[in-house]
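A.B. asks: First the structure, which I've put down as structure tokens, then a few questions once you've had a look.
The values are calculated or read from the model by the stated rules, or taken from the named source; none is laboratory data. Remember, it's a predicted structure, so these values are computed and weren't measured experimentally. Here Cβ is always computed from backbone atoms with ideal geometry, including for glycine, and neighbour counts include all displayed protein chains. For accessibility, only protein heavy atoms count, side chains too; no ligands or nucleic acids. Shrake-Rupley method; radii C 1.70, N 1.55, O 1.52, S 1.80 Å.
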Amino acid sequence: MSRVAYVNGTYQPHGQATIHVEDRGFQFADGVYEVWSVFDGRLADFDGHMSRLHRSLNELRIDIPMTAEALTRVLHETVRRNRVRNGIVYLQVTRGTARRDHPFPAAGTPPSVVVTAKSISAARSEATAAKGVAVITTPDIRWGRCDIKTVGLLPNVLAKQEARDRGAYEAWMVDEMGLVTEGASTNAWIVDEHGKLRTRDTQANILRGVTRAAILNLVAEEGIELDERAFSVDEAKRAKEAFFTAAGAFVMPAVSIDGVRIGDGKPGPITTRLRALYLDQARHEAI
Ligand SMILES: Cc1ncc(COP(=O)(O)O)c(C=O)c1O
């Protein structure tokens, strides 16, 4: 099945879809992105991702490219044209195309907008989650505004490749205090040795995960004991359970960290329950 990409107002065959060589996303990583999970052709956590998009654009003073209604239509149409039932839809907005120069281009330069969608096998994702995955740790070498979802992801790319090179699925990044910040493309969680659910607070230099926020609501509803506080690599290695969250990954159990087995080496009960609750809710509320 041929894929289709939305690029600046038109739908194009994916293989031929292009942006200008002087697009500021290409030249400076001067852009932001969002990713929605797709369930049965509908988008999960819709408002959370849309409001974070607006926040990211606002923080970088990039113009909002179109109304939320128009953007919603483009997202749905891209999913439809790609016949995605389960998968993700990706949106990128950059500061547009202009002669290469560091300062912002002239006011009124239209932002560039790209939307793509791809299918992900729900069965494969379930099989991976049933076994759990390996995580490694690596120093967090990123800039000071990781709360903005920019396309400047080189440290994340290097961390993820290090994970692959070391036979793992995800890399957890670690600050100079030895505390886990977040995953290369996910938020990090543990059930600590005292049985408390832990995840780093968002006052820290991390992305405010939309999936993370949805899980926190479920945790409150379920009455699970939560301590929203950073944890060290040592605490993570002593944890009863570990997992990470993101659109696309949902709640993914981590069963080893740097080769150290977590709990009994299988996905733990709280992790498994949160994954089921999250999937149920996300599916129901997708639009
Ligand atoms: C660095 C980082 N942290 C966390 C997340 C999870 O965010 P969300 O749950 O909104 O997908 C992502 C997702 O791409 C990410 O790149």
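A.B. asks: Looking at residue 77, is it open to solvent by 50 Å² or more (accessible area, probe 1.4 Å) and either part of a helix (DSSP H, G or I) or over 27 Å from residue 276 (Cα atoms) (or both)?
C.D. replies: no
A.B. asks: Just to check your reading of the model, which residue among 184, 107, 129 is free of Cβ contacts under 8 Å to residues at least 40 places away in the same chain and buried (at least 17 other Cβ atoms within 10 Å of the Cβ)?
C.D. replies: Just one listed residue meets the conditions, 184.
A.B. asks: When you go through 145, 208, 200 one by one, which is the residue that is of a type in the set (Lys, Arg), within 15 Å of the ligand (Cβ to nearest atom) and exposed (fewer than 13 other Cβ atoms within 10 Å of the Cβ)?
C.D. replies: Result: 145 is the single residue among 145, 208, 200 that is of a type in the set (Lys, Arg), within 15 Å of the ligand (Cβ to nearest atom) and exposed (fewer than 13 other Cβ atoms within 10 Å of the Cβ).
A.B. asks: Separate question: Among the residues of segment 65-95, write down those that are over 18 Å from residue 12 (Cβ atoms) and in contact with a His (Cβ under 9 Å, 6 or more places away or on another chain).
C.D. replies: The one that is over 18 Å from residue 12 (Cβ atoms) and in contact with a His (Cβ under 9 Å, 6 or more places away or on another chain): 68.
A.B. asks: Just the residues that are more than 16 Å from the ligand (Cβ to nearest atom) and of a type in the set (Phe, Trp, Tyr), please, taken from segment 55-104.
C.D. replies: 104
A.B. asks: Would you check if residue 218 is surrounded by fewer than 21 Cβ atoms within 10 Å (Cβ to Cβ), closer than 23 Å to residue 122 by Cα, modelled with pLDDT of 95 or more and touching a helix residue (DSSP H, G or I) at 6+ places or on another chain (Cβ under 7 Å)?
C.D. replies: Here the answer is yes, as residue 218 does meet what is asked.
A.B. asks: Could you give every pair whose Cβ atoms fall below 7 Å, whose first residue belongs to segment 151-163 and is among the aliphatic types (A, V, I, L, M), and whose second residue is more than 12 Å from the ligand (Cβ to nearest atom), counting only separations of at least 6 or pairs across chains?
C.D. replies: Between residues of segment 151-163 that are among the aliphatic types (A, V, I, L, M) and residues that are more than 12 Å from the ligand (Cβ to nearest atom), the close pairs are 151/25; 151/29; 151/31; 151/92; 159/138; 163/136; 163/169.
A.B. asks: May I ask you to list the residues in segment 9-53 that are acidic (Asp, Glu) and open to solvent by 50 Å² or more (accessible area, probe 1.4 Å)? Lay out the reasoning, then the answer.
C.D. replies: Initially, segment 9-53 is screened for residues acidic (Asp, Glu), giving 22-23, 30, 34, 40, 45, 47.
Answer for segment 9-53, where residues must be acidic (Asp, Glu) and open to solvent by 50 Å² or more (accessible area, probe 1.4 Å): 22, 40, 47.
A.B. asks: Which one is farthest from the ligand (Cβ to nearest atom) among residues in segment 225-235 that are open to solvent by less than 70 Å² (accessible area, probe 1.4 Å) and in a helix (DSSP H, G or I)? Explain how you work it out, then say what you get.
C.D. replies: We begin by selecting, within segment 225-235, every residue open to solvent by less than 70 Å² (accessible area, probe 1.4 Å); these are 226-227, 230-233, 235.
Checking the rest, the ones that are also in a helix (DSSP H, G or I) come to 233, 235.
Values: 233: 17, 235: 20 Å.
The selected residue is 235.
A.B. asks: What residue, among those in segment 236-272 that are more than 16 Å from the ligand (Cβ to nearest atom) and among the hydroxyl-bearing types (Ser, Thr, Tyr), is most open to solvent (accessible area, probe 1.4 Å)?
C.D. replies: 272
A.B. asks: Also, quick follow-up: In segment 1-54, which strands (runs of 3 or more DSSP E) lie fully inside it and hold 3 or more residues that are without any contact (Cβ under 8 Å) to a residue 12 or more places away in the chain and away from the ligand (no atom under 13 Å from the Cβ)? Step through it out loud before you land on a result.
C.D. replies: Details: elements: 4-7, 10-13, 31-39.
Those strands (runs of 3 or more DSSP E) span 10-13.
A.B. asks: Can you run down the residue pairs with Cβ atoms below 7 Å, 6 or more apart or on separate chains, where the first is in segment 192-209 and under 17 Å from residue 257 (Cβ atoms) and the partner is small (Gly, Ala, Ser) and more than 16 Å from the ligand (Cβ to nearest atom)?
C.D. replies: Qualifying pairs under 7 Å: 192/239; 193/239.
A.B. asks: Oh, and also: With the condition kept exactly as written, say whether any residue in segment 167-186 is farther than 25 Å from residue 265 by Cα, among the hydroxyl-bearing types (Ser, Thr, Tyr) and within 13 Å of the ligand (Cβ to nearest atom).
C.D. replies: Scanning segment 167-186, I find no residue that is farther than 25 Å from residue 265 by Cα, among the hydroxyl-bearing types (Ser, Thr, Tyr) and within 13 Å of the ligand (Cβ to nearest atom), so the answer is no.
A.B. asks: Among the residues of segment 59-74, how many are of a type outside the set (Val, Ile, Thr) and either within 12 Å of residue 149 (Cβ to Cβ) or not in a helix (DSSP H, G or I) (or both)?
C.D. replies: Start the filter on segment 59-74 by keeping residues that are of a type outside the set (Val, Ile, Thr), which leaves 59-61, 63, 65-66, 68-71, 73.
Narrowing further to those that are either within 12 Å of residue 149 (Cβ to Cβ) or not in a helix (DSSP H, G or I) (or both): 59-61, 63, 65-66.
Residues that pass the stated criteria total 6.
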